[in-house]
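Notes for the one structure printed next.
The values are calculated or read from the model by the stated rules, or taken from the named source; none is laboratory data. Computed from a prediction, not measured in an experiment: that's the story for all the values here. Positions of Cβ are generated from backbone atoms using ideal geometry, with glycine treated the same way; all protein chains shown enter the neighbour counts. Ligands, DNA and RNA are excluded from the accessible area calculation, which covers all protein heavy atoms including side chains. Shrake-Rupley method; radii C 1.70, N 1.55, O 1.52, S 1.80 Å.
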Amino acid sequence: MSRTWWRGAAIYQVYLRSFADGNGDGCGDLAGLRSRLGYLKDLGIDAVWLNPWYPSPMADGGYDVADYRDIEPVFGTLAEAEAFIAEAHEHGIKVIIDVVPNHSSTASAWFQEALADPRARDRFWFRDEPNGWSSIFGGPAWTQVPDGQWYLHLFAPEQPDLNWDNPEVHREFEDVLRFWFDRGVDGFRVDSAALLVKSDDAYEDLDGVHDVYRRWREIADEYGDERGERVLIGEVWLPDQERFARYLRPDELHTAFNFDFLSCPWDPAELRRVIDLTLATHLPIGAPPTWVLSNHDVTRPVTRYGRADTGFQHGGRLHGSPSDPELGRRRARAAALLAMALPGGVYVYQGEELGLPEVEDLPDEVRQDPMFARSGGANPGRDGCRVPLPWSGEEPPFGFGGPGPSAPPWLPQPEGWRKLTAQAQLADLDSMLTLYRSALRLRRDLLGDGTLTWLPSEAGVLAFRRESGLVCVSNLGPVAVPLPPGELLLASGPVEGGALPPDTTAWVTGGPGPGVSGR
Ligand code: GLC
């Protein structure tokens, strides 16, 4: 693989708690992940990104990090993490881990020191008076400590914000990056990347944050070698494209998640607008776009696309609104082939390749996401997209706990998932898993980094050609349309008599125009 592997990579997101449970305690772990590396290799992805695996009280699914240089005991040990990195590399899979620099945990040594000694508070945001900010999870963003001072937490009270005006905080994270680069990781996903630097009246996208990433980029660049460059991927949710693009300047982050695409409704004009805007933002600065349909924070695509309102909205406003599972599935398949044909990198969130729906009827008492409790139940939170994966068998835990007896998974799986297990889908040529496996393989040979040329098409149809000659056609209109000439490589639904049905994407090659290379 080339040094710039990340420019066109397919990256699979592993939510470790819910991926595979190696010791049968009901919670996913490194042993489970290691046992499933063959599955990931066969899927055809280039890298995995793991959500935080550090010691954590789990007030926010591990985004409350108590120690940035170790592994949560429920997940395993540092030695197992090192073994996992080495084995992933043997399977040809790169490893990206989450770094959480905006906030730490009230259980961290630094915060405990700050609590005990007011002179040790400069690593956080302690003030005598709160300033009225609200937490992104609901409720106030300030909590009072026993001696009367208040500390800032943009997320849960267990996640105190770090003070990036303090040089010690900079040194600490530079050292943390080196700690994991020295252990072989290929990159970092930077959590809440636009929030680090704050003033007394603003906390998003302040200019000083770019100095942090310039320094981090120097460190990442030091580690690049024959295995390839080490990468920094930003979680940057910003409405302004010009501000967003600043994070991807050549001496800053390598890529960032495309949340406009993730939130976009299943609508041809809107998708075309978002794709064009994405390309216009990225291509001039030489950064590859990314295409994301889901992650651990948002509604599963098959559920979202089956609703009347197909956009993603924060705050769970659409939770429980009617969703047609067949329609949702058809569109999610079409969206996957569209996303994978676009130039740049693509993300697959675990379970997306199985077509798992959002679990909307979890009992309140099992919900763990702080968004649920902090909104007084008004926001169902994100547990519904974090339910443990079904691997095999006819009943829960569907092989999640490995071959032997195991405790119930930390969130209950629906009975109906017997049809969605990886095992059942591998045997089914029409399954979501088979589609993802075929698409990811073809994508490796024919797609990835580059640009696209839009082709003339009927209303409701998106059609473009890639440099390899592959043409991607998505029909979002109400009636079937003729397929372009050429060989049909793959389609997300049945294609009969040369016609592409509604809510279907096809990949075609060999028609007029530049021929296919790289096969
Ligand atoms: C990011 C993560 C989310 C987490 C939040 C606070 O948005 O994706 O899961 O709750 O940061 O760390």
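When Leu262 is tested against (1) within 16 Å of the ligand (Cβ to nearest atom); (2) over 20 Å from the mean Cα position of the chain (by Cα); (3) under 22 Å from Ala47 (Cβ atoms), only condition (2) is not met. Is there a residue in segment 317-332 that is in contact with a Leu (Cβ under 7 Å, 6 or more places away or on another chain), surrounded by fewer than 24 Cβ atoms within 10 Å (Cβ to Cβ) and within 27 Å of Pro414 (Cβ to Cβ)? For segment 317-332, residues in contact with a Leu (Cβ under 7 Å, 6 or more places away or on another chain), surrounded by fewer than 24 Cβ atoms within 10 Å (Cβ to Cβ) and within 27 Å of Pro414 (Cβ to Cβ): absent.
Of all residues in segment 187-212, those that are without any contact (Cβ under 8 Å) to a residue 40 or more places away in the chain and of a type outside the set (Ser, Thr, Tyr) have Cβ atoms under 8 Å from Cβ atoms of residues that are open to solvent by less than 10 Å² (accessible area, probe 1.4 Å) and not in a loop (DSSP other than H, G, I, E, B), 6 or more apart or on another chain, in Val197/Val209; Val197/Val212. Looking across segment 60-107, the residues that are out of contact with any Phe, Trp or Tyr (no Cβ under 9 Å at 6 or more places or on another chain), hydrophobic (A, V, I, L, M, F, W, C) and under 21 Å from Asp25 (Cβ atoms) come down to Val74, Leu78, Ala79, Ala83, Phe84, Ala107. When segment 125-153 is filtered for residues that are within 19 Å of Gly377 (Cα to Cα) and either part of a loop (DSSP other than H, G, I, E, B) or within 15 Å of the ligand (Cβ to nearest atom) (or both), the ones remaining, listed by number, are Ser134, Ser135, Ile136, Phe137, Gly138, Gly139, Ala141. Here the condition is being free of Cβ contacts under 8 Å to residues at least 24 places away in the same chain and open to solvent by 30 Å² or more (accessible area, probe 1.4 Å); of Arg249, Arg243, Arg273, it holds for Arg273 alone. Do the conditions hold for Gly399, that is, is it assigned to a loop (DSSP other than H, G, I, E, B) and either within 16 Å of the ligand (Cβ to nearest atom) or modelled with pLDDT under 95 (or both)? Against the criterion (assigned to a loop (DSSP other than H, G, I, E, B) and either within 16 Å of the ligand (Cβ to nearest atom) or modelled with pLDDT under 95 (or both)), Gly399 does not qualify.
Identify, please: which residue in segment 39-56 is open to solvent by 10 Å² or more (accessible area, probe 1.4 Å) and closer than 24 Å to Glu174 by Cα and is, among those, farthest from the ligand (Cβ to nearest atom)? Ranking the candidates gives Pro55 first. The condition (being of a type in the set (Phe, Trp, Tyr) and open to solvent by 10 Å² or more (accessible area, probe 1.4 Å)) is satisfied by just one residue among Trp180, Trp133: Trp133. A single member of Ala79, Ala109 is surrounded by fewer than 23 Cβ atoms within 10 Å (Cβ to Cβ), more than 17 Å from Val14 (Cα to Cα) and either basic (Lys, Arg) or touching a residue at least 24 places away in the same chain (Cβ under 8 Å) (or both), and it is Ala109.
Each residue in segment 183-207 was checked for being at pLDDT 95 or above, away from the ligand (no atom under 15 Å from the Cβ) and surrounded by fewer than 17 Cβ atoms within 10 Å (Cβ to Cβ), and 5 pass. In segment 1-105, counting only strands (runs of 3 or more DSSP E) that sit wholly within it, the ones holding 1 or more residues that are under 26 Å from Leu442 (Cα atoms) and charged (D, E, K, R) span 94-99. Filtered by the rule that a residue be assigned to a helix (DSSP H, G or I), of a type outside the set (Asp, Glu) and in contact (Cβ under 8 Å) with a residue 12 or more places away in the chain, segment 402-423 gives Trp417, Arg418, Leu420, Ala422, Gln423. When you scan segment 227-235, do you find a residue that is in contact (Cβ under 8 Å) with a residue 12 or more places away in the chain, in contact with a strand residue (DSSP E or B) (Cβ under 9 Å, 6 or more places away or on another chain) and assigned to a helix (DSSP H, G or I), even just one? There is no residue in segment 227-235 that is in contact (Cβ under 8 Å) with a residue 12 or more places away in the chain, in contact with a strand residue (DSSP E or B) (Cβ under 9 Å, 6 or more places away or on another chain) and assigned to a helix (DSSP H, G or I). Tell me whether segment 495-516 contains one or more residues that are part of a helix (DSSP H, G or I), touching a helix residue (DSSP H, G or I) at 6+ places or on another chain (Cβ under 7 Å), of a type in the set (Phe, Trp, Tyr) and closer than 24 Å to Leu271 by Cα. No, every residue in segment 495-516 fails to be part of a helix (DSSP H, G or I), touching a helix residue (DSSP H, G or I) at 6+ places or on another chain (Cβ under 7 Å), of a type in the set (Phe, Trp, Tyr) and closer than 24 Å to Leu271 by Cα. Of all residues in segment 364-391, which are within 15 Å of the ligand (Cβ to nearest atom), open to solvent by less than 20 Å² (accessible area, probe 1.4 Å) and not in a helix (DSSP H, G or I)? Asp369, Pro380, Gly381, Arg386 - these are the residues of segment 364-391 that are within 15 Å of the ligand (Cβ to nearest atom), open to solvent by less than 20 Å² (accessible area, probe 1.4 Å) and not in a helix (DSSP H, G or I).
Screening Gly311 against (1) over 13 Å from Thr299 (Cα atoms); (2) more than 16 Å from the chain's Cα centre (by Cα); (3) open to solvent by less than 30 Å² (accessible area, probe 1.4 Å) leaves a single unmet condition, (1).
Quick one: which of Asp29, Asp25, Asp70 is open to solvent by 10 Å² or more (accessible area, probe 1.4 Å) and touching a helix residue (DSSP H, G or I) at 6+ places or on another chain (Cβ under 8 Å)?
On the way: Asp29 fails: open to solvent by 10 Å² or more (accessible area, probe 1.4 Å); Asp25 fails: touching a helix residue (DSSP H, G or I) at 6+ places or on another chain (Cβ under 8 Å).
Only one candidate passes the filter, namely Asp70.
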